[in-house]
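Chemist: Handing you a structure now.
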Amino acid sequence: MSWDVLADNAGLFWHGFQTTLLLALASWAVAASLSIVVAPLRVAPLAALRAAATAYVEFTRNVPPIVIVFFAYFALPNLGVELSPFAAVVAGVGFYGGAMFAEIIRSGISAIPRGQYESATAQGMSFVQAMRLVILPQALRLVVPPLGTETINIIKNTSLGAAVSMGEILGTANLVGSRTFAYVVVFVGAGVLYLALTLPTAAAFNALERRLARR
Amino acid sequence: MGQPEMHGAGIGAAGPVAIEFRDVHKRYGDLHVLKGIDLRVAAGEVVVVVGPSGSGKSTLIRCINRIEAIDAGDITVLGVPVAARGTDIRALRRRIGMVFQQFNLYPHKTALENVMLAPVKVAGVPRGEAEQRARELLRRVGIGEKHGAYPAALSGGQQQRVAIARALAMRPEIILFDEPTSALDPEMIREVLDVMRGLAHTGITMVVVSHEMGFAREVADRIVFVDDGMIVEERPPLEFFDDARHERTKAFLSKIL
Ligand SMILES: Nc1ncnc2c1ncn2[C@@H]1O[C@H](COP(=O)(O)OP(=O)(O)O)[C@@H](O)[C@H]1O
Ligand SMILES: [Mg+2]
């Protein structure tokens, strides 16, 4: 086996690695922003808001994320919205990750004693203030481990970029493999590159969990 | 409706009325919890609500700041119709402090931050000013040196005193206590009651659900006995304890005294 293939294509793989990193960061930002709004809506006083949030979560997380990526990339143009492959993957992975995050955060919210919300609102806080200042800071601490797991899923899901011809890690490996037939080498290399992203992420979430536990 | 009623009220309630219940009903599903409550609390009055467990005391007190919604009747607090549509309940709640049995301090915030949070975020008091007042309040409840501690590092009695400081931070006109000492070890009950006793002399309106009969006898202007969702008897403490009229009151008193 010629492991030189990796060295010979180091530039391509480096670019793929960077692209995956950017996809993951952007998707994570989308997922985090969506979920921090959607999770509280799941327990909002207004039934219509609760229903909308539930609908988003249940539809999205029960559909394979590749369906959402394909929808964003192939179907949205028919509806007049052209997305780049990058944007389509971020939309799909971010939307899906947002639903997963929202469900995790909601479980954290429901673990907070009802008295916390009552004392916050008894002091004149609005629902949004009570969530932002009192409930979410406590709820998020409880769910750091599952949020870490889901963050790693987001990194892994960016490999859907390969399905819309992106040159992220998997797409790059596939491309180099088809040119050199060194499939074993390129996919092992791809796996190692993903580990270079996911293992430090897991370590960071573990460290965060330990730091919060100490307080 | 809408303006404070200035005419005199029932026993002990002379002067402006702070809280008024008129034929208030509350149900949880099929459970009829408040069955026509009529009650007036005068501004500055200290009312202690007693009664058996499950009789509706917590529900009654929680209706005052609309933590529980009522099904019928009306409640006027500080001249504001609590249940009316269009009532700015958040504005009203700023004028009503509340202390809970389980303290409900914010565990992710220090004692000082617990007291400062609502003044800064709800009332828009500048941080420096809010902090100064918070320190002052914590000193007043005897927590001065522990202002940097998180609730988990405080005893139950200390936590409840912080909770009282927190309730006072918004400079409320009314303060509600729902069994503030029931979750405390006996040796800590006194320190909390001492703070409450001090408060009673400041002219703030207090409604206190409590089983502390010594406190009620000493501090209350009036004792309200609730049983099975109804006010059975409301009397000044001496009369209440020594000359209860109703059989149900006597039965209750014989159990707890
Ligand atoms: N959120 C609720 N849902 C259903 N039933 C409730 C709820 N809160 C209280 N209750 C019931 O209402 C009755 C009165 O409760 P409560 O006001 O807490 O009584 P007290 O404070 O006098 O012990 C009890 O039977 C209690 O079980
Ligand atoms: Mg109670």
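Chemist: log₁₀ I(q)/I(0) of the stretch B:128-257 at q = 0.13, 0.18, 0.22 Å⁻¹, via Debye over equal Cα point scatterers, no solvent, to two decimals?
Modeler: Debye intensities relative to I(0), on a log10 scale: -0.61, -1.01, -1.32.
Chemist: Next question, about the same structure. Which helices of chain B meet both criteria: a Cα extent of 20 Å or more along the helical axis and a mean Kyte-Doolittle score no lower than -0.5, with helices taken as whole DSSP H segments?
Modeler: Going by DSSP H runs, the hits are B:186-200.
Chemist: Next question, about the same structure. With r as the distance between the Cβ atoms of A:S126 and A:N153 and R0 = 35 Å, compute the FRET efficiency 1/(1 + (r/R0)^6) and round to 0.05.
Modeler: Calculated transfer efficiency: 0.55.
Chemist: So how long is each side of the stretch A:18-166 along the principal axes, counting just the alpha-carbon atoms, biggest first, in Å?
Modeler: 54, 31, 22
Chemist: Right, something else. Which whole number gives the average, over all residues in A:109-115, of C-beta atoms from other chains lying within 10 Å of the residue C-beta?
Modeler: 2
Chemist: Can you give me the distance in nm between label points at B:R190 and A:V81, each placed 7 Å from the Cα along the Cα-to-Cβ direction?
Modeler: The modelled label-to-label distance comes out at 6.8 nm.
Chemist: Among A:I152, A:L142, A:A203, flag the residue with its Cα farthest along the positive direction of the charge dipole of the stretch A:137-215, charges on Cβ as +1 for Lys/Arg and -1 for Asp/Glu.
Modeler: Towards the positive end, the residue furthest out is A:L142.
Chemist: Here is a follow-up. Could you work out what % of the accessible surface of the protein assembly as shown is carbon and sulfur, using a 1.4 angstrom probe and leaving DNA, RNA and ligands out of the count?
Modeler: 58
Chemist: Would you compute, from DSSP H runs of 4+ residues alone, the mean residue ellipticity of chain B at 222 nm, taking -39500 (n - 2.57) per run and dividing by the full residue count, rounded to the nearest 500?
Modeler: It lands at -10000 deg cm²/dmol.
Chemist: When the Cα atoms of the stretch B:64-222 are enclosed in a convex hull and the volume is divided per residue, what value in Å³ results?
Modeler: Spelled out: Cα convex hull of the stretch B:64-222, divided by residues, is 126 Å³.
Chemist: Turning to a different aspect of this structure: Out of residues 5 or more away from B:A72 or on other chains, whose amide H comes under 5 Å of its own, with H placed 1.01 Å from N in the peptide plane?
Modeler: Long-range HN contacts for B:A72: B:H25.
Chemist: At 1.306 mPa s and 10 °C, plugging the Kirkwood radius over alpha-carbon pairs of the protein assembly as shown into Stokes-Einstein gives what diffusion coefficient in µm²/s?
Modeler: 61
Chemist: How large is the charge dipole for chain B, taken about the Cα centre, if only the Cβ atoms of Lys, Arg (+1) and Asp, Glu (-1) carry charge, to the nearest 20 debye?
Modeler: With Lys and Arg at +1 and Asp and Glu at -1, about 840 debye.
Chemist: A further question follows. So what is the relative contact order for chain B, in percent, with contacts set as C-alpha pairs under 8 Å and at least six apart?
Modeler: About 24 percent, as a whole number.
Chemist: Same structure again: Over the stretch A:18-166, what is the relative contact order in whole percent, taking alpha-carbon pairs under 8 Å and six or more residues apart?
Modeler: Taking the mean separation of contacting Cα pairs over the length of the stretch A:18-166, I get 34 percent.
Chemist: While we're here: State, to one decimal in nm, how far the label point of A:S33 lies from the label point of B:A152, with both points 7 Å from Cα in the Cβ direction.
Modeler: Result for the modelled spin labels: 3.3 nm.
Chemist: Still on this structure: Have a look at A:W3, B:V115, A:Q18 and report the one farthest towards the positive end of the charge dipole of the protein assembly as shown, computed about the Cα centre with Cβ charges (Lys/Arg +1, Asp/Glu -1).
Modeler: So the residue furthest toward the plus end is A:W3.
Chemist: Sum up the lysine pairs in the protein assembly as shown that clear both bars: alpha-carbon distance under 28 Å and a spacing of 8 or more or different chains.
Modeler: 12
Chemist: May I ask for the accessible area buried between chains A and B, both sides summed, probe 1.4 Å, to the nearest 100 Å²?
Modeler: Adding both sides of the contact gives about 1700 Å².
Chemist: By how many degrees, between 0 and 90 and to the nearest 10, does the Cα long axis of helix A:10-41 differ from the longest principal axis of chain A?
Modeler: On a 0 to 90 degree scale, this one is about 20.
Chemist: Let me confirm one metric for peptide B:118-128, namely the mean number of other chain beta-carbon atoms within 10 Å of its residues' beta-carbons.
Modeler: 3
Chemist: Treating the angle as unsigned and between 0 and 90°, give the value, to the nearest 10°, between the Cα long axis of helix A:169-180 and the longest Cα principal axis of chain A.
Modeler: 10
Chemist: Could you put B:D74, A:D8 in order of accessible surface area, largest first, with the 1.4 Å probe and the full protein assembly present?
Modeler: So the residues, ranked largest to smallest area, are A:D8, B:D74.
Chemist: For peptide B:62-68, compute the average count of partner chain beta-carbon atoms within 10 Å of each residue's beta-carbon.
Modeler: Shielding by partners across B:62-68 averages 2.
Chemist: If you don't mind, another one. Just report the Cα centroid separation between the stretch B:127-196 and the stretch A:1-58, whole Å.
Modeler: Spelled out, the Cα-based centre of one part sits 44 Å from the other.
Chemist: Counting only heavy atoms of the protein chains, get the accessible area per residue of the protein assembly as shown (1.4 Å probe) and round it to a whole Å² value.
Modeler: 45
Chemist: Hey, what do the phi angles of the stretch A:63-75 turn into as Karplus ³J(HN,Hα) couplings, whole Hz, using 6.51/-1.76/1.60 and θ = phi - 60°, x for Gly and Pro?
Modeler: 10, x, x, 5, 5, 5, 5, 5, 4, 4, 8, 9, 8
Chemist: Relative to the longest principal axis of the C-alpha atoms of chain A, give the angle of the C-alpha long axis of helix A:144-157, reported between 0 and 90° and rounded to the nearest 10°.
Modeler: Its long axis makes an angle of about 30 degrees.
Chemist: Something else now. With springs only between Cα atoms under 10 Å, which of A:T151, A:T180, A:T60 fluctuates most in a Gaussian network model of chain A?
Modeler: Maximum fluctuation in the GNM of chain A, among the listed residues, is at A:T180.
Chemist: Still on this structure: Suppose every Lys and Arg Cβ carries +1 and every Asp and Glu Cβ carries -1, with no other charges. What dipole size does the protein assembly as shown come out with about its Cα centre, to the nearest 20 debye?
Modeler: 640
Chemist: In debye, nearest 20, what is the charge dipole magnitude of the stretch A:18-166 about its Cα centre with +1 on Lys and Arg Cβ and -1 on Asp and Glu Cβ, if you could check?
Modeler: Here the size comes out at about 280 debye.
The values are calculated or read from the model by the stated rules, or taken from the named source; none is laboratory data. The structure presented is a predicted model; accordingly, all values stated were derived computationally and were not measured. Cβ sites come from the backbone with ideal geometry, for glycine too, and all protein chains shown count toward neighbours. Accessible surface is based on the protein model in full, side chains and every heavy atom, while ligands, DNA and RNA are left aside. Shrake-Rupley method; radii C 1.70, N 1.55, O 1.52, S 1.80 Å.
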